[in-house]
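The structure appears below as structure tokens.
The values are calculated or read from the model by the stated rules, or taken from the named source; none is laboratory data. Owing to the predicted nature of the structure, the values given are computational and were not obtained by experimental measurement. FYI the Cβ positions are ideal-geometry reconstructions off the backbone, even for glycines, and counts take in every protein chain you see.
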Ligand code: UDP
């Protein structure tokens with residue numbers, strides 16, 4: 001059985017990827033330091049506990065596992081936290097990536113899928129973002145991801161890594177079978193916060209800004225179901241062997257449709273049948289008004305269709321996961 005090394009396999013997206021990899025016939029091997037990941041989310045293959053900055057540890061893992069590919073999810077992901085702690089972000093996101101890529105080169109591990117973000121583009125003022133959009137990160141988080149993208153270009157040229165970078169938009173939802181879900185500590189993402197507000201797990205949701213130049217004054221985001229997102233990663237593994245892959249270093253993953261914060265609240269109320277306690281507050285620093293993704297390249301190259309990314313399924317799956325017995329936030 002071909003193995004895939006999943007860095008950050010204990011995290012939100014990494015754990016969902018392990019489930020889909022296992023269903024596709026791969027053995028997912030998680031490499032995680034459990035700084036932000038969850039041990040009980042690693043259920044679909046073995047785990048190696050280690051820190052990517054420990055070059056010996058990741059090299060030993062690659063020699064032992066001999067993976068067909070590496071899916072590199074492990075990273076810190078919060079814009080606000082990165083402004084307060086850029087050193088931590090450069091260490092966790094950039095230094096770790098370099099250590100991983102060096103270990104891949106040293107062990108002859110060829111295929112890599114790297115998780116990047118539309119935060120590398122900064123605020124493009126409502127223009128649809130695609131692979132040709134300029135890079136202009138506005139936070140240390142976006143800067144670390146942009147720097148890794150650039151580093152990777154050089155490693156591909158010089159050392160023959162076969163790599164594909166995905167730029168994510170707003171990943172949302174949970175495993176449709178409610179085995180896995182989204183859980184960050186602290187939680188900062190809209191959909192889990194909406195659900196926790198409905199459940200009265202926390203105080204009312206704060207809507208960050210109502211004076212944006214959008215259809216109802218609140219921010220527009222392109223939400224993609226986590227199951228759709230990880231499906232693109234699994235499709236990328238055989239894709240990297242196709243000659244076409246050499247001319248496509250980067251693919252954006254979004255639906256091309258956006259929802260406002262108020263629309264998410266309304267949809268959540270319709271889906272759960274319960275009100276979302278919320279209050280209107282000031283803008284959160286650094287939030288662009290609108291982020292929408294042009295996804296033509298993903299459809300063309302990977303035959304990718306975001307089939308689960310409706311508000312009903314994203315919010316419904318997240319709701320069912322939060323309603324499972326034993327959930328605590
Ligand atoms: N948001 C909000 N209240 C919250 C958290 C988020 O109004 O408590 C808004 C935020 O301003 C953004 C959208 O919801 O417009 C999505 O935010 P999230 O943090 O989920 O993802 P981001 O777009 O920052 O990656």
On the basis of being assigned to a helix (DSSP H, G or I) and within 12 Å of the ligand (Cβ to nearest atom), does residue 150 make the cut?
no
Kindly indicate which of 11, 37 is surrounded by 16 or more Cβ atoms within 10 Å (Cβ to Cβ), at pLDDT below 95 and closer than 24 Å to residue 89 by Cα.
37
When you scan region 21-28, do you find a residue that is farther than 22 Å from residue 253 by Cβ and crowded, with 17+ Cβ neighbours inside 10 Å, even just one?
yes
Number of the condition not met by residue 48 [criteria: (1) free of Cβ contacts under 8 Å to residues at least 24 places away in the same chain; (2) out of contact with any helix residue (DSSP H, G or I) (no Cβ under 6 Å at 6 or more places or on another chain); (3) not in a helix (DSSP H, G or I)]:
(2)
Among the numbered criteria (1) modelled with pLDDT of 95 or more; (2) closer than 27 Å to residue 321 by Cα; (3) outside any helix (DSSP H, G or I), which one does residue 21 miss?
(3)
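If I filter region 187-211 down to residues being outside any helix (DSSP H, G or I) and within 6 Å of the ligand (Cβ to nearest atom), which single residue comes out as nearest to residue 285 (Cα to Cα)?
Among those residues, the one meeting the criterion is 208.
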Would region 239-249 turn up any residue that is assigned to a helix (DSSP H, G or I), within 13 Å of the ligand (Cβ to nearest atom) and touching a residue at least 40 places away in the same chain (Cβ under 8 Å)?
no
Residues of region 212-222 being near the ligand (Cβ under 9 Å from one of its atoms), out of contact with any helix residue (DSSP H, G or I) (no Cβ under 8 Å at 6 or more places or on another chain) and part of a loop (DSSP other than H, G, I, E, B), in sequence order, are 212
Working carefully through the options 70, 65, 83, 79, find the one that is surrounded by fewer than 16 Cβ atoms within 10 Å (Cβ to Cβ) and touching a residue at least 60 places away in the same chain (Cβ under 8 Å).
83
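Yes or no, residue by residue, for (1) in a strand (DSSP E or B); (2) touching a helix residue (DSSP H, G or I) at 6+ places or on another chain (Cβ under 8 Å); (3) surrounded by fewer than 20 Cβ atoms within 10 Å (Cβ to Cβ); (4) modelled with pLDDT of 95 or more:
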site: 59; (1), (2), (3), (4): no, yes, yes, yes
site: 96; (1), (2), (3), (4): no, no, no, yes
site: 99; (1), (2), (3), (4): no, yes, yes, yes
site: 119; (1), (2), (3), (4): no, yes, no, no
Mind listing just one residue for me: the one in region 278-297 that is buried (at least 16 other Cβ atoms within 10 Å of the Cβ) and out of contact with any strand residue (DSSP E or B) (no Cβ under 8 Å at 6 or more places or on another chain) and, of those, modelled with the highest pLDDT?
288
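Looking at region 153-185 only, could you name the residues that are more than 16 Å from the ligand (Cβ to nearest atom), within 16 Å of residue 17 (Cβ to Cβ) and assigned to a strand (DSSP E or B)?
The first filter runs over region 153-185 and keeps only residues more than 16 Å from the ligand (Cβ to nearest atom), leaving 153-165, 175-180.
Within this subset, residues satisfying the condition of being within 16 Å of residue 17 (Cβ to Cβ) are 164-165, 175-177, 179-180.
If the condition is that a residue be more than 16 Å from the ligand (Cβ to nearest atom), within 16 Å of residue 17 (Cβ to Cβ) and assigned to a strand (DSSP E or B), then 164, 165 are the ones that fit.
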Among the residues of region 282-301, is there at least one that is within 16 Å of the ligand (Cβ to nearest atom) and free of Cβ contacts under 8 Å to residues at least 24 places away in the same chain?
no
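Do the conditions hold for residue 225, that is, is it in contact with a helix residue (DSSP H, G or I) (Cβ under 7 Å, 6 or more places away or on another chain), within 16 Å of the ligand (Cβ to nearest atom) and within 20 Å of residue 19 (Cα to Cα)?
When the stated conditions are applied, residue 225 passes them.
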Just wondering, is there one or more residues in region 272-279 that are under 30 Å from residue 162 (Cβ atoms), touching a helix residue (DSSP H, G or I) at 6+ places or on another chain (Cβ under 9 Å) and not in a helix (DSSP H, G or I)?
no
Which numbered condition in (1) away from the ligand (no atom under 12 Å from the Cβ); (2) crowded, with 22+ Cβ neighbours inside 10 Å is the only one that residue 275 fails?
(2)
Take region 117-147 and flag every residue that is without any contact (Cβ under 8 Å) to a residue 60 or more places away in the chain and within 14 Å of the ligand (Cβ to nearest atom).
117, 119, 120, 121, 137
